[in-house]
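The values are calculated or read from the model by the stated rules, or taken from the named source; none is laboratory data. Since the structure is predicted, the reported quantities are computational estimates derived from the model, not experimental observations. Ideal geometry is used to build each Cβ from the backbone, glycine not excepted, and the neighbour counts take in all protein chains shown. The protein model used for the area step is the full one, side chains on, heavy atoms only, and it has no ligands, DNA or RNA in it. Shrake-Rupley method; radii C 1.70, N 1.55, O 1.52, S 1.80 Å.
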Amino acid sequence: MAGHMTPDEFRRHGHELVDWVADYWSSVGSLPVRPADPPGAVAARLPDSPPSDGDGFAGLRADLDSVVLPGMTHWQHPGFFAYFPANTSGPSVLGDLVGAGLGVQGMLWATGPAATEVETVMLDWLASLLDLPARFRSTSTGGGVIQDSASSAALVATLAGLHRAGGGTWRTDGIGGERYTVYTSTQGHSSIEKAARIAGIGDAGVRQIEVSPSTLAMDPAALRAALAADVAAGFRPAVVVATIGTTSTTAVDPLPEIGRICAEHGVWLHVDAAYAGAAAVCPELRWTHAGLEYADSYCFDPHKWLLTGFDCDAFWVADREALVSALTVMPEYLRNVATESGAVIDYRDWGVPLGRRFRALKLWFVLRWYGAAGLQEHIRSGVGLAQRFAAHVAEDDRFEIVAPHPFSLVCFRLRAGDAASEELLARVNATGRFYLTHTKVNGAYVLRVAVGSPQTTESHVDDLWSVLTATATEVLTDA
C-alpha cells in the first residue's frame with residue numbers, strides 16, 4: 001500500500017514530470033493537433049475502478065503517453081488556430097507548481113496574507129501595463145481581483161449591477177417583483193446570457209442590441225432606444241456589457257458613446273475584453289480603451305493571449321465598495337481581527353466562491369520573466385502573423401475577408417458560398433496539421449484563423465495558407 005509521497009519521492013518524480021512537459025513542448029508540433037479517435041476511446045483505455053492499493057508512479061508516467069496524449073487536442077500546437085489562444089508558458093507552469101505546493105486557501109487576508117497582497121499588486125501591475133484608468137487601481141476607489149474566467153467576471157458584474165439598480169434591495173429581497181434588464185450586442189458572449197439566468201433575470205430580460213453591418217460593433221443609437229423603451233415599459237435596466245474584441249470577429253464596441261449613455265441612465269457598464277484586452281500592453285493598440293473611463297468594471301483573460309495558463313481572468317472595478325456590499329457575507333467562523341480592522345482586502349467578497357487558490361503566483365512569474373517588453377513582443381508577433389495571413393487571403397480572389405482584423409484573428413471565407421467554405425474547413429482539419437473553427441457573420445459561414453501559440457511562426461502561417469489554397473482547389477473542382 002502506498003503511503004504519502006515523501007519530499008525525496010516528490011523531488012525525483014517531479015523532475016521526471018518536468019522533463020516530460022519539456023519534451024512535450026519540444027515535440028508537440030509533430031503531433032496531430034486533434035485526436036482521431038471517436039468519443040469514448042480515452043475512457044475505454046482506463047480501468048473500471050481505482051486500484052485497491054496504490055500502484056506507484058511508473059504506471060502513471062506510462063499512462064500519460066498511452067492514455068492522455070492520444071486523447072488530447074493540443075492547444076499549444078503551432079498549428080492550433082481555433083477559437084482563441086489558450087497560452088501557457090514555462091514561468092506560468094512553474095508559478096502554478098509553487099502555488100499547488102504551498103496549498104494555501106486564500107479566502108481571507110488572514111488565511112493567506114501573501115496570497116492576498118501579491119494578487120492586489122499584480123492587478124495593479126497589470127492595470128499599469130494596460131494603462132487602465134486610475135480609478136481601477138487599489139490605491140484609488142477601485143481595485144482588481146483574479147476570477148477564474150470572463151464568464152465569472154460577467155456574473156459578478158451582473159450581481160453588482162443588480163445591487164445598484166435595486167438600491168440595495170436585491171441583496172435582501174432578491175429580484176422580487178422587479179423586471180430587470182441586461183444589454184449587450186448581438187455579438188456579445190454567451191456568458192452574458194448565462195449570467196442573467198443565474199442572477200434570476202432570465203432570458204426574457206436580456207436585450208441583444210443590433211450592430212453595424214460593416215464593423216459588427218454595437219450601435220449606440222439602438223442601445224439608447226432600447227433603454228428608453230424599457231424604462232417607459234416599467235423595466236429597470238441593470239447592466240450594459242460592451243465588448244472589446246467579440247468572440248466571432250474581434251469587433252470593438254464604441255465605448256465613448258456607450259459609456260455616456262450608461263452614465264445618463266445610471267446603468268452599470270461592464271467591459272468584456274477577454275481576448276483583446278491583452279493587446280493593450282502595446283501602446284499602439286490602446287485605442288481600444290478609449291471611453292474606458294466610463295466603465296464600472298472591466299476584465300480580460302491573461303490565460304488567452306498573455307502567456308498565463310488557465311485559469312486567470314483579471315477583473316477590475318472602479319468602486320470596490322459597490323462590489324463588496326453586493327457580495328459580502330460574514331459568518332461567525334470567518335470573523336478575525338484583520339478583517340474587522342478594515343485594513344485588509346478579503347477577496348472572498350469579490351467573487352462567487354469562498355475558497356481561493358494562489359493564482360497570482362503564475363501571473364507574478366510571467367510578468368517578472370517577460371517584463372513589459374517581452375509581453376509586447378509576443379502580442380506584436382501574433383498581430384503581425386495575422387496580418388501576414390490576411391495579406392495572403394487578399395491576394396487570392398477566390399477568398400474574401402469578412403470583418404476587420406485589428407488583432408490576431410482573421411475571418412474569411414470562400415466566395416463560392418457556405419457549403420464550399422464548410423467543406424474547406426472539414427478537409428483542412430482532417431489533415432491533422434491544423435485546427436480551425438468557424439462562425440457566422442451576417443448569416444454567412446466563415447472560417448476563423450486565430451494566431452496565438454508562442455510556437456507559431458511565419459512558416460506555420462505560410463504552410464496553413466498553402467494547405468488552404470490547395471484544398472480550396474480540390475473543393476471547387478469537386479463542386
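The set of residues in region 120-152 that are closer than 16 Å to Ala278 by Cα, out of contact with any Leu (no Cβ under 6 Å at 6 or more places or on another chain) and small (Gly, Ala, Ser) comprises Ala127, Ser128, Ser149, Ala150. The set of residues from region 121-149 being crowded, with 21+ Cβ neighbours inside 10 Å and in a helix (DSSP H, G or I) comprises Met122, Leu123, Leu126, Ala127, Phe136.
Per the conditions (1) modelled with pLDDT under 95; (2) more than 30 Å from Ser297 (Cβ to Cβ), the sole criterion not satisfied by Phe80 is (1). When each of Leu97, Leu69 is tested for being modelled with pLDDT under 95, among the hydrophobic types (A, V, I, L, M, F, W, C) and open to solvent by 10 Å² or more (accessible area, probe 1.4 Å), the lone residue that passes is Leu69. Does at least one position in region 44-62 carry a residue that is of a type outside the set (S, T, N, Q), on the phi > 0 side of the Ramachandran plot and free of Cβ contacts under 8 Å to residues at least 60 places away in the same chain? Yes - at least one qualifying residue is present in region 44-62. Every listed requirement among (1) surrounded by fewer than 13 Cβ atoms within 10 Å (Cβ to Cβ); (2) at pLDDT 95 or above is met by Gly56 save one, (2).
Out of curiosity, is Thr249 touching a Pro at 6+ places or on another chain (Cβ under 7 Å) and under 30 Å from Val410 (Cα atoms)? When the stated conditions are applied, Thr249 does not pass them.
Residue count for region 338-386, restricted to those that are open to solvent by less than 70 Å² (accessible area, probe 1.4 Å) and either in a loop (DSSP other than H, G, I, E, B) or under 28 Å from Thr111 (Cβ atoms) (or both): 22. The set of residues from region 446-466 being open to solvent by 20 Å² or more (accessible area, probe 1.4 Å) and within 18 Å of Val393 (Cα to Cα) comprises Thr457, Glu458, Ser459, His460, Asp462, Asp463, Trp465, Ser466.
Just one of the listed residues (His77, His4) is surrounded by 12 or more Cβ atoms within 10 Å (Cβ to Cβ) and not basic (Lys, Arg), namely His77. So which residues in region 451-479 are outside any helix (DSSP H, G or I) and either among the hydroxyl-bearing types (Ser, Thr, Tyr) or out of contact with any helix residue (DSSP H, G or I) (no Cβ under 8 Å at 6 or more places or on another chain) (or both)? Passing the criteria: Ser453, Thr456, Thr457.
Remark: pairs (first residue in region 110-125, of a type in the set (S, T, N, Q); second residue open to solvent by less than 30 Å² (accessible area, probe 1.4 Å) and assigned to a helix (DSSP H, G or I); Cβ separation under 7 Å; 6+ apart in sequence or on different chains) = Thr116/Tyr347.
Within region 422-442, the set of residues being under 30 Å from Asp253 (Cβ atoms), out of contact with any helix residue (DSSP H, G or I) (no Cβ under 9 Å at 6 or more places or on another chain) and without any contact (Cβ under 8 Å) to a residue 40 or more places away in the chain comprises Glu422, Leu425. With respect to (1) farther than 21 Å from Trp109 by Cα; (2) of a type outside the set (Asp, Glu); (3) more than 16 Å from the chain's Cα centre (by Cα); (4) open to solvent by 10 Å² or more (accessible area, probe 1.4 Å), the lone exception for Leu292 is condition (4). When the criteria are applied in full, Asp397 fails the requirement of being touching a strand residue (DSSP E or B) at 6+ places or on another chain (Cβ under 9 Å), farther than 30 Å from Leu108 by Cα and open to solvent by 30 Å² or more (accessible area, probe 1.4 Å).
Whenever a residue of region 65-85 is farther than 19 Å from Asp19 by Cα and touching a residue at least 60 places away in the same chain (Cβ under 8 Å), its partners that are among the β-branched types (Val, Ile, Thr) and surrounded by 19 or more Cβ atoms within 10 Å (Cβ to Cβ), lying with C-beta atoms within less than 6 angstrom and at least six residues away or across chains, give the pairs Pro78/Thr456; Gly79/Val33; Phe80/Val33; Phe81/Val449. Remark: Ala391 falls outside the filter, which requires a residue to be more than 25 Å from Gln76 (Cα to Cα), open to solvent by 20 Å² or more (accessible area, probe 1.4 Å), of a type outside the set (Asp, Glu) and out of contact with any strand residue (DSSP E or B) (no Cβ under 8 Å at 6 or more places or on another chain).
Is it the case, given these coordinates, that Leu108 is open to solvent by less than 40 Å² (accessible area, probe 1.4 Å) and either at pLDDT below 95 or in a loop (DSSP other than H, G, I, E, B) (or both)?
The answer is yes for Leu108.
When region 302-329 is filtered for residues that are more than 24 Å from Gly382 (Cβ to Cβ), touching a Ser or Thr at 6+ places or on another chain (Cβ under 8 Å), open to solvent by 10 Å² or more (accessible area, probe 1.4 Å) and part of a loop (DSSP other than H, G, I, E, B), only Asp319 remains. Scanning region 237-265 for residues that are of a type in the set (Gly, Ala, Ser), open to solvent by 10 Å² or more (accessible area, probe 1.4 Å) and without any contact (Cβ under 8 Å) to a residue 60 or more places away in the chain returns a single hit, Ala263.
Can Val118 be described as in contact with a Gly (Cβ under 7 Å, 6 or more places away or on another chain) and of a type in the set (Val, Ile, Thr)?
Against the criterion (in contact with a Gly (Cβ under 7 Å, 6 or more places away or on another chain) and of a type in the set (Val, Ile, Thr)), Val118 does not qualify.
The numbered conditions (1) over 19 Å from Ser453 (Cβ atoms); (2) out of contact with any Ser or Thr (no Cβ under 7 Å at 6 or more places or on another chain); (3) surrounded by 13 or more Cβ atoms within 10 Å (Cβ to Cβ); (4) touching a residue at least 60 places away in the same chain (Cβ under 8 Å) are all true for Ala36 except (3).
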